[in-house]
Amino acid sequence: MSELGEAIGTAAEGGLIGRAIAAEAGKPGNGPLALVDGHFAEAACLNCGTALIGPHCHRCGQQAHLHRTLGAFLHDLLHGALHFDGKTWRTLPELALRPGKLTRRYIDGERARFVSPMALFLFSVFLMFAVFQAIGLTPPTDISTRDGIRAQIEDARTDLTDERDALRRQVESAPAGSPTRAALQSELAAVEERIVAVEQTGEVMEGAGGIASVSHRKTGLSWLDKGLDKWRNNPGLMLYKLQANSYKFSWLLIPLSVPFVWLLFLWRRGFRAYDHAIFVTYSLAFMSLLFVALSLLNALGVTGGIVLLAGSLIPPVHIYKHLRGTYALTRFSALWRLCVLVIFISVVVMLFLQILLLLGAF
C-alpha cells in the first residue's frame, strides 16, 4: 500500500505541474515550414489551421510564428521549469510586499500579468526540497533501534572488559613503585569507570523494557501492526519516506486549509471558496520561499538567532497583511482572524503529518 500511495502522490504531482505549465506553454506545430530567423513564417495557425490576424490565434490561443532555435528552446526550458519570465519578477515582489493586493487582483480577473498560484506553489515546493537536499537539511537515516542500541552497549562492555584485563596483567608485571606502574594503574582506573558507566546505561535500558514491551504489543489490526513494525524496525527509512511524501503530497495542504479559512468568513457571503483557495495557495507559496531563503542564510553562516527571529516574525506579519489586502478588513478584523488562523494552521499541520505517517507506514 505504501507503493500505491507513492504512485498516487507522484501522479497527482505530475498532473498538477502539467496543468500549471500547460496554461503557459502552447501546443507544438504540426508540419515543417520555411523558417525566417529561426521562426515559422506561417499564415495560418499550425495548431488548428485558423487564419492568423495577430500574434496569437484567436481560436485556440496558440502563439504565432513559433520558434525553432536552440536558444529559444533553452528559454522555454527555463520558462517551463522555473517560470523565469516577466511574470515572475512582477509576482514575487507583490507576493512579498503586497500579498493582499496580488491575491485580490488575481481573484478579480487580472491574471495575465502574474504567475498563477498553483504554478508558483509547485515551483516553491520543488525549490524548497531541492535546497534542503543540497544543504543537507534532511532527516537522519541512521537512527538506531532499541535492539541496536542494546547490542552496541554489549559490544562496548566486551571491548572495555578485554582492555581492563590486559591492563591488569600489565600492572602486575610492572615493577612496584615505578612510574610505568603508576601510569598503568591510572589508566586502569579510568577504564573501570567507563565500564561502570556502560553497565549503568545497560541497566537503564533494561529498566525501560516495560515500555518496550508495551510498544511491541499487537493492536489486533494487521494493517496497523504492519505499519508500526515498519516504523519500529527501520525508523531511518520511514523518516526518508515521510520527507519524500511531504513533497509529493504537499498539495494536500491546500484542500486541508481552505475549509478553515472559510470558517473565518462564514457570515461574509461576498467571499467564495475560490477566493480562499487563491489566498491559501499564494500564502503557502510565500512560506515555502521564505523557508528556502532562511535555510540558505543559515547555511551561509548567518547567526541562528537572527534566522529564528525572522522565521518567527515574518510569517504572522505577512499573513496579517495578506488578510487585510485580500478581504479588505479593518486592523482589528485582520488581527483577530490572524490569531484564530494561527490555531487553525497548527491543526492543519497536525492533520497533514498524520496523513503522511499513514502513507509512509502503509
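The values are calculated or read from the model by the stated rules, or taken from the named source; none is laboratory data. Being a predicted model, the structure only gives us computed values, none of them experimental. With ideal geometry, Cβ positions are generated from the backbone for all residues, glycine too; neighbour counts draw on all protein chains shown. These accessible areas exclude ligands, DNA and RNA; they are computed on the full protein's heavy atoms, side chains included. Shrake-Rupley method; radii C 1.70, N 1.55, O 1.52, S 1.80 Å.
Per-residue surface analysis assigns TYR274 an accessible area of about 100 Å², computed on protein heavy atoms at 1.4 Å probe radius. Scalar couplings 3J(HN,Hα) for region 250-256, obtained by applying the Karplus form with A = 6.51, B = -1.76, C = 1.60 to θ = phi - 60°, are 4, 4, 5, 4, 5, x, 6 Hz; x denotes Gly and Pro.
Accessible surface comparison of MET128, MET350, probe 1.4 Å, protein chains only, largest first: the order is MET350, MET128.
Which ³J(HN,Hα) values in Hz, rounded to whole numbers, follow from the phi angles of region 160-173 under the Karplus curve 6.51 cos²θ - 1.76 cosθ + 1.60, where θ = phi - 60° and Gly and Pro get x? Going residue by residue, I get 5, 5, 4, 5, 5, 4, 5, 5, 4, 5, 5, 5, 5, 8 Hz, with x marking Gly and Pro.
Computed from phi, the 3J(HN,Hα) profile of region 112-118 under the Karplus parametrisation 6.51, -1.76, 1.60 (θ = phi - 60°) reads 5, 7, 10, 5, 5, x, 5 Hz, with x in place of Gly and Pro. Near the amide H of LEU52, within less than 5 Å, lie the amide hydrogens of ALA44, CYS45, all on another chain or at least 5 residues away, with H placed in the peptide plane. Volume of the convex hull of region 255-362 (Cα atoms only), normalised per residue: 120 Å³. Which FRET efficiency, nearest 0.05, do THR69 and VAL317 yield, Cβ-Cβ r, R0 56 Å? Here the calculated transfer efficiency is 0.80. Proximity of backbone amide H atoms, modeled 1.01 Å from N, is registered between GLN62 and CYS57 at under 5 Å, excluding neighbours fewer than 5 places apart on the same chain. Here's how it looks for VAL115: its modeled amide H is under 5 Å from those of THR91, which are all 5 or more places away or on a different chain.
Our note on the geometry: Cα centres of region 297-362 and region 254-281, 16 Å apart. Ligands, DNA and RNA excluded, the heavy atoms of SER186 present near 80 Å² of accessible surface to a 1.4 Å solvent probe. How would region 100-139 be classified by its alpha-carbon gyration tensor: rounded, prolate or oblate, with rounded meaning a/c under 1.5 and the a/b versus b/c comparison settling the rest? Here region 100-139 falls in the prolate category. Entry note: region 259-314 has Rg to Rh equal to 1.21, where both radii use alpha-carbon atoms and Rh is the Kirkwood radius.
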